[in-house]
């Protein structure tokens with residue numbers, strides 16, 4: 001399974017109370033394709049630089065998930081059918097930074 005990060009913009013008509021339901025819908029779509037979502041960070045409502053498709057703002061979220069590489073195009077196609085989802089951009093998640101070695105020099109003089 002590959003690790004991905006997705007920036008998802010939900011429509012401006014989405015109420016704050018409906019945020020969790022919209023995220024659960026996306027989580028359900030990922031799980032239908034055999035993936036798993038590890039985290040979701042709500043970035044809040046933000047204005048667009050210019051109106052797009054008669055929308056002036058959107059609710060942004062950053063989601064990290066694992067999914068097979070061949071399952072990504074069908075997932076994106078399913079998300080396009082969701083009325084709450086305005087835009088989605090998916091990138092391969094950057095690798096985690098290496099853990100510091102035990103006993104490594106911390107820069108202090110002995």
> Comparing 22, 99, 77, which has the greatest mean-square fluctuation in the GNM of the chain with Cα pairs linked when under 10 Å apart?
Replying inline: 99
>> Using a 10 Å cut-off around each Cβ, can you sort 24, 5 from fewest to most neighbouring Cβ atoms?
In response: 24, 5
>> Quick check on the exposure proxy: order 60, 4 from fewest to most C-beta atoms within 10 angstrom.
In response: 60, 4
> Mind ordering 92-98, 28-34, 11-17 by average Cβ neighbours within 10 Å, highest first?
Replying inline: 28-34, 11-17, 92-98
> Among 50, 78, which comes first, then next, by fewest other beta-carbon atoms within 10 Å?
Replying inline: 50, 78
>> How much length would be gained if the chain were fully extended between residue 46 and residue 78, taking 0.36 nm per residue of separation minus their Cα-Cα distance, in nm to one decimal?
In response: 9.1 nm
> If you take all C-alpha pairs in the stretch 48-105, what percent of them are over 15 Å apart?
Replying inline: 67 percent
> What fraction, in whole percent, of alpha-carbon pairs in the stretch 9-55 exceed 17 Å separation?
Replying inline: 45 percent
>> What are the equivalent ellipsoid semi-axes of the chain, built from the alpha-carbon gyration tensor (square roots of five times its eigenvalues), in whole angstrom, biggest first?
In response: 33, 19, 12
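Quick note: the coordinates plus some simple rules give every number you see, no bench work behind them. Given the structure is predicted, the values throughout are model-derived calculations rather than measurements. Backbone-built Cβ (ideal geometry, glycine too); neighbour counts: all protein chains shown.
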